[in-house]
Amino acid sequence: MNKIMIKTFKSVFVCFICALVLFVGLAQINVRSANALSCSAKASAVIETTTRRKLFASNENKKLPMASTTKIMTAITAIERCRDLDEKFEISPKAVGVPGTSLYLRKGDVYSTRDLLYALMLISGNDASVAIAEHVGGSVSEFVTMMNETAKKIGVENSHFANTHGLDADGHYTTAYDLAVITAYALENDTFREIVSTKNTKITNGNGENRYLKNKNKLLSTLDGCIGVKTGFTDDAGRCLVSAIEKNGIRLVCVVLNCGPMFEESALLLNECAEKYSLCDLTSLYDYNQTISVNNGRNTTAKIGTYGKFLYPLTEKERENLRFVYSYPTVVDAPLDKGSEIGRVEIFLNNNLLFSEKIFTIEDIKPKSLLQRVQDFVRNW
């Protein structure tokens, strides 16, 4: 009987241990899953703005409608093309009664382009987009052409604009990555950056009537370091958000297209990427001999170096895996002028070339003087 009890106890104990191991394993898997970056959006991307490096991406090259995030392109095109943002003009009938979100412009209202840009980006006024387009472009169709020209200038290849406001239309699409690049470009403009980071403002029409505008982007109030940028929604596009932060010395743009919890998931992605990546000056990590031997020179050595500076977002692990390849001779012949190219440095990450630049002489390398040549002759005679 005792043997049977002991055997039963052993079996129960073994089962208990197995169950405990399985439980701990599942818990670890859940922890890893919770910590892993993910997004429920139909397409998404997070980029660092100076290098355009993708720090997170999912279906980032899929062409999709983008709703009112269109207005990022509308705004930067108007800012770049308008001669005077503060010049006031009269609203035409074509800008009155535009469907969707609205400033409720009236025929004959008088506003400046700057005021309408605030209405465009804070409360997403579709009528404001039409008024801006008519004033800056002469017509909506001509302004839309300007928007597509701006896209081409920026270098995005998978976007096309058919209107100024983002209402669903054939031929109106972008990708999460394209939209992130467009936004990174727009944020380089001081006026654009000031407008999209504004939480509340007041605009006044020509009759002295005030309109109070509150930004629909709630991340400006809830996310540390948030500097904008634009919300959007249509039936086809779903909920869309472009957001940006400046944190820990890095500027990031996040795009989520067709994402239910767009504010929550964008905040998580931006915070995770800002925590994980930092901008590193890779040229400060160079490690090579900055003098070189000289044949037939007045001096036996000369200083060499580089002129570039290259910032790149990296994780700590990536930084440890950088590989630097230096290609330059051990000896050069005099004479050589300052700034003469003598070699090259290349920086690799996982066998991918990140950056390369030339190595130069950073001082004149003069030939031996007459006295030195005479001394050499006497010495060797």
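The values are calculated or read from the model by the stated rules, or taken from the named source; none is laboratory data. Since the model is a prediction, treat every value here as computed from it, not as a measurement. Cβ coordinates were reconstructed from backbone atoms using ideal geometry, including for glycine residues, and neighbour counts include every protein chain displayed.
Considering only residues of the stretch 183-215 that are in a helix (DSSP H, G or I) and of a type outside the set (A, V, I, L, M, F, W, C), which is surrounded by the fewest Cβ atoms within 10 Å (Cβ to Cβ)?
Residues of the stretch 183-215 in a helix (DSSP H, G or I): 183-186, 190-196.
Narrowing the set further to residues that are of a type outside the set (A, V, I, L, M, F, W, C) leaves 183, 185, 190-191, 193-194.
Numbers: T183: 26, Y185: 22, D190: 9, T191: 17, R193: 17, E194: 13.
Ranking the qualifying residues of the stretch 183-215, first place goes to D190.
Quick one: which helices (runs of 4 or more DSSP H) sit completely within the stretch 94-182 and have at least 3 residues that are β-branched (V, I, T) and either at pLDDT 95 or above or more than 27 Å from I203 (Cα to Cα) (or both)? Don't jump to the end; show me each part of the working.
Values: elements: 113-122, 126-137, 140-154.
Those helices (runs of 4 or more DSSP H) span 126-137, 140-154.
So, K230, is that one surrounded by 15 or more Cβ atoms within 10 Å (Cβ to Cβ), of a type in the set (D, E, K, R), under 14 Å from T70 (Cα atoms) and assigned by TED's automatic domain parsing to the domain that holds M73 or not? If you could, list the steps in order and put the result at the bottom.
On the way: surrounded by 15 or more Cβ atoms within 10 Å (Cβ to Cβ): yes; of a type in the set (D, E, K, R): yes; under 14 Å from T70 (Cα atoms): yes; assigned by TED's automatic domain parsing to the domain that holds M73: yes.
Yes: the conditions hold for K230.
Got a number for residues in the stretch 36-49 being modelled with pLDDT of 95 or more and surrounded by 15 or more Cβ atoms within 10 Å (Cβ to Cβ)?
Quick first cut of the stretch 36-49, residues modelled with pLDDT of 95 or more only: 40-49.
Filter once more, keeping what is surrounded by 15 or more Cβ atoms within 10 Å (Cβ to Cβ): 41-49.
Number of matching residues: 9.
For (1) part of a strand (DSSP E or B); (2) basic (K, R); (3) under 18 Å from the mean Cα position of the chain (by Cα), each residue gets a yes or a no:
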residue: R52; (1), (2), (3): no, yes, yes
residue: A57; (1), (2), (3): yes, no, yes
residue: N61; (1), (2), (3): no, no, yes
residue: S68; (1), (2), (3): no, no, no
residue: T74; (1), (2), (3): no, no, no
residue: E80; (1), (2), (3): no, no, no
residue: L85; (1), (2), (3): no, no, no
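Test A67 against the criterion of being among the small types (G, A, S), touching a residue at least 24 places away in the same chain (Cβ under 8 Å), touching a helix residue (DSSP H, G or I) at 6+ places or on another chain (Cβ under 8 Å) and surrounded by 15 or more Cβ atoms within 10 Å (Cβ to Cβ), and give yes or no.
Details: among the small types (G, A, S): yes; touching a residue at least 24 places away in the same chain (Cβ under 8 Å): yes; touching a helix residue (DSSP H, G or I) at 6+ places or on another chain (Cβ under 8 Å): no; surrounded by 15 or more Cβ atoms within 10 Å (Cβ to Cβ): yes.
Judged against the criteria, A67 is not a match.
In this structure, does S293 turn out to be part of a strand (DSSP E or B) and without any contact (Cβ under 8 Å) to a residue 40 or more places away in the chain?
yes
I need a count of the residues in the stretch 216-236 that are assigned to a loop (DSSP other than H, G, I, E, B) and more than 22 Å from the chain's Cα centre (by Cα).
Initially, the stretch 216-236 is screened for residues assigned to a loop (DSSP other than H, G, I, E, B), giving 216-218, 223-225, 235-236.
Still in the list and also more than 22 Å from the chain's Cα centre (by Cα): 235-236.
Adding up the residues that qualify gives 2.
Would you confirm whether any residue within the stretch 249-268 is over 16 Å from A176 (Cβ atoms), in a loop (DSSP other than H, G, I, E, B) and among the hydrophobic types (A, V, I, L, M, F, W, C)?
no
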